[in-house]
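Just below is one structure, and these are the notes that go with it.
The values are calculated or read from the model by the stated rules, or taken from the named source; none is laboratory data. For clarity, every value in this text was computed on a predicted model and none was experimentally measured. Methodologically, a virtual Cβ is constructed for each residue, glycine included, from the backbone with ideal geometry; neighbour enumeration extends over all protein chains shown.
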């Protein structure tokens, strides 16, 4: 539902007042009208609302723009609790933004629809949409959820890519354990890096993963950094790596893949991220200068410094 439609609905609401209570037995039109007035004129305190399955379905269908992916297991659990009569007022809230859309609570509302049982809960209105990254930070909302809410394609991969970009461009590019808040990741995506180029780099990394099965995040971050040096060569290097079309045994992309497989096999199919990243950078450096790679230069110990990216 567009903001214009929400405005029209509110304008046509039949004398709805924010202090009127929503009850499941009301006609759906009246339930929607009261909810719309509360969204339009947010009260300072929470309101206890009993969402009928039909009202919950309306919210999920019309007022649920760019929310994070639903969690089927949670929905099933909540629905079972509703059917068993185990649900009560816990103080947890369903949240609506000042833009008129649902910000938190879609799994609970989906459970109401699934169980065909009313849900009684506290509801808060007027949340600033810009603050959604700070919501539920004590729960399991992760970076992928935050990027998904923003409508970012490949949200999970983009979130991990941004994290690796922050690591690889820091003073300690070998600090693979560095942690960043959802807000830091989103701010970096919006302000520090080029969002369109990140998505292009994720596409390049996904093509490599189809044949190599390496994790997308660090591959995409490295492609992004290579492209900063030479975008055409970065695309060509990853395309050659993904297709395996390089014929010479010491061609950077071909030798890189064979060494990654060898090192991974020798470590019970586990490879340290810093070793993988360093080997990819070394192969890229050779590719940039149009030369073959040697076995010696592709070695990397964890105590070694991360190589600089050439270009």
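Quick one: would you say residue 174 is touching a residue at least 12 places away in the same chain (Cβ under 8 Å), under 30 Å from residue 303 (Cα atoms) and either part of a loop (DSSP other than H, G, I, E, B) or assigned by TED's automatic domain parsing to the domain that holds residue 26 (or both)? Criteria met by residue 174.
Within the bounds of region 258-267, is there any residue that is in the same structural domain as residue 192 (by TED's automatic domain parsing), closer than 22 Å to residue 198 by Cα and buried (at least 17 other Cβ atoms within 10 Å of the Cβ)? No, region 258-267 contains no residue that is in the same structural domain as residue 192 (by TED's automatic domain parsing), closer than 22 Å to residue 198 by Cα and buried (at least 17 other Cβ atoms within 10 Å of the Cβ).
Collect the residues in region 41-60 that are touching a residue at least 60 places away in the same chain (Cβ under 8 Å) and in a helix (DSSP H, G or I), keeping them in residue-number order.
Answer for region 41-60, where residues must be touching a residue at least 60 places away in the same chain (Cβ under 8 Å) and in a helix (DSSP H, G or I): 53, 56.
Screening region 70-115 for residues that are crowded, with 20+ Cβ neighbours inside 10 Å and assigned to a loop (DSSP other than H, G, I, E, B) and picking the one that is modelled with the lowest pLDDT gives 87. Among the residues making up region 262-293, those that are within 19 Å of residue 241 (Cβ to Cβ), at pLDDT 90 or above and in a loop (DSSP other than H, G, I, E, B) are 289, 290, 291, 292, 293.
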